[in-house]
1. In region 274-289, is there at least one residue being in contact with a Pro (Cβ under 7 Å, 6 or more places away or on another chain) and in a strand (DSSP E or B)?
2. When the residues of region 13-64 are filtered to those that are modelled with pLDDT of 90 or more and of a type in the set (D, E, K, R), which remaining residue is farthest from V195 (Cα to Cα)?
3. Check W256 against each of (1) farther than 20 Å from E163 by Cβ; (2) part of a helix (DSSP H, G or I); (3) modelled with pLDDT of 90 or more and name the one condition it does not meet.
4. Any residue in region 143-172 that's among the basic types (K, R): show its pairings with residues that are not in a strand (DSSP E or B) at Cβ separation under 8 Å, as long as the two are six or more apart or on different chains.
5. Taking into account only those residues within region 109-162 that are part of a strand (DSSP E or B), among the small types (G, A, S) and over 30 Å from Q307 (Cα atoms), which is modelled with the highest pLDDT?
6. Say whether the condition of being out of contact with any Gly (no Cβ under 8 Å at 6 or more places or on another chain), among the β-branched types (V, I, T) and surrounded by 21 or more Cβ atoms within 10 Å (Cβ to Cβ) is met by at least one residue in region 263-275.
7. Out of the residues in region 200-229 that are in a loop (DSSP other than H, G, I, E, B) and hydrophobic (A, V, I, L, M, F, W, C), which is surrounded by the most Cβ atoms within 10 Å (Cβ to Cβ)?
8. Restricting to region 163-196, and then to whatever is β-branched (V, I, T) and assigned to a helix (DSSP H, G or I), can you tell me which residue is farthest from I269 (Cα to Cα)?
Amino acid sequence: MLMKRTLPAALFCAVSLPVLAQDIVWQQQVDVPIHDNLPEGIALDILGIASGHSPQQVKQALIAYAPVDMQPDDESATSNTVQGGDLADSYESALTSILGEMHAMNNPAPSKAPAFSENNATLTLRSGSGTPVSVSYLSTYKLDRVYGLENGSQGVHETISVEFSAPSSGQQVIHIQRDLSYNSQQDQPRISETVAALTSKIGAQPMPQRNGFAYLWQFDNGQHITDDAYAYACEEGRYRRDFTPESIAGINRDGWCDVYLLVSFRQGISQDHADTITFALYDNERIKTNIGADFAFFSDYVTRYRQQTGGSAPTL
């Protein structure tokens, strides 16, 4: 096993608590570098969006790639409201929603216009039957569009979803997913050419997975992992969704998969053609560090909010 570098410890600052919980004063606890745990010269990204980027950097990259109105209207803006009996239950449910698998792709009508949406996660923390305390933050950007409607083609349906941690860990990108669905056979790309282009861009060879219909670029502690025996560590982290103070330690438990890109194909008109492609970039160590810091910040904030909030006793 590779020896892990010591990540920056969470430095907790004193927070002057507001009267109302919705006026929470976010204090950043950790700041993980953008290309942390990658080898020198390797910049892993999807369309220029890398783990560790801020919401503003993501917007700039999306505008450069597919210019659209980046101000979501009332219909496109959504919010996850989570309620629970205690902090652990609420936080676990919220992160399950925030970091859940992307929805299955549907083939839209060719006239579908580009759409940009934001998603806010709201944590509602209860103490027995008392008044709940709520905090919320921006958790997801999503771009959904159809392009390539020329020469009789039904186009390509593309969705890009970018997920962020809370402001207490710098509101950094922790997961990026891009889905492409080719609605016309004439547009299906060759798998071999796509993998070759990615290999050239990344500067490292992937490990074939799933009989050649998925390719994994795996990095750990600044090294490129090429032994397929350790690929399991990436899959384990991908499907771990039970985020609690105890289970956070289980992310990248064996220390072999800090950051990875998994590109999956569904076979099209031949074994070398794809009718769907999914690009998934996960930063396990950033998820582990940032979510741990967020969990601690929420716990600390709510505890002190409840201790310091109180009005005058009534006249008796």
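The values are calculated or read from the model by the stated rules, or taken from the named source; none is laboratory data. Here the structure is a predicted model, which is why all the values come from computation and not from measurement. Glycine also receives a Cβ, built like all others from the backbone with ideal geometry; neighbour counts cover every protein chain displayed.
1. Of the residues in region 274-289, the ones in contact with a Pro (Cβ under 7 Å, 6 or more places away or on another chain) are 274.
Now narrow it down to the ones that are in a strand (DSSP E or B): 274.
Yes.
2. Applying the filter and picking the extreme gives D31.
3. In the conditions (1) farther than 20 Å from E163 by Cβ; (2) part of a helix (DSSP H, G or I); (3) modelled with pLDDT of 90 or more, W256 misses (2) alone.
4. Hits for this filter: R145/A66; R145/V68; R145/K112; R145/A113; R145/P114.
5. Residues of region 109-162 that are part of a strand (DSSP E or B), as a first pass: 115-125, 133-147, 156-162.
Imposing the further condition that a residue be among the small types (G, A, S) reduces the set to 115, 117, 121, 134, 136, 139, 161.
Next cut, over 30 Å from Q307 (Cα atoms) only: 115, 117, 161.
On the way: A115: 86, S117: 91, S161: 95.
Selected residue: S161.
6. yes
7. So the first thing to find is which residues in region 200-229 are in a loop (DSSP other than H, G, I, E, B), and the list is 203-206, 213, 221-222, 226-227.
With hydrophobic (A, V, I, L, M, F, W, C) added as a condition, the list becomes 204, 213.
Working: A204: 19, F213: 15.
Only one residue tops the list, namely A204.
8. Of everything passing the filter in region 163-196, V195 is farthest from I269 (Cα to Cα).
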